[in-house]
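Heads up, the thing below is written out as structure tokens.
Each reported figure results from applying straightforward, stated rules to the coordinates on display, with no laboratory input. Predicted model, so just to flag it, every value in this text is computed and none were measured. Counting neighbours? That spans all protein chains shown, and the Cβs are built from the backbone with ideal geometry, glycine included.
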Amino acid sequence: MEHYTKEYYKKQSEYWFNEASKFAKQRDMLIDDNAKLRKERDDLKRNIDEIVNYVDMKVNDNSKVYAYIAMKNKLDEILKEDE
């Protein structure tokens, strides 16, 4: 195929459109993956904050042994929610 022909430019246009479409799909997939990871991160942060608050409350209110047992039970409960 000769350069500077209408057919040549049409083929080039189709090629670059297809290449750009591939990158757009990859971009969209990365955006979706990023959103999922951010949601998962926020859920994990929320769980950690809940655990820390619960442990602080129990340590301040009760003996250390009871606080440990209560903390272990609460942690098990939170981890079961994630499954």
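Report yes if some residue within segment 65-75 is outside any helix (DSSP H, G or I) and loosely packed, with under 10 Cβ neighbours inside 10 Å; otherwise report no.
Kept after step one, since they are outside any helix (DSSP H, G or I), are these residues of segment 65-75: none.
Within segment 65-75, none of the residues are outside any helix (DSSP H, G or I) and loosely packed, with under 10 Cβ neighbours inside 10 Å.
Quick check on segment 1-58: of everything there that is more than 30 Å from A70 (Cβ to Cβ) and aromatic (F, W, Y), which residue is surrounded by the fewest Cβ atoms within 10 Å (Cβ to Cβ)? Lay out the reasoning, then the answer.
Going residue by residue through segment 1-58, those that are more than 30 Å from A70 (Cβ to Cβ) are 1-38.
Add one more test, that the residue is aromatic (F, W, Y), and what stays is 4, 8-9, 15-17, 23.
On the way: Y4: 6, Y8: 12, Y9: 11, Y15: 10, W16: 10, F17: 9, F23: 9.
Only one residue fits best here, namely Y4.
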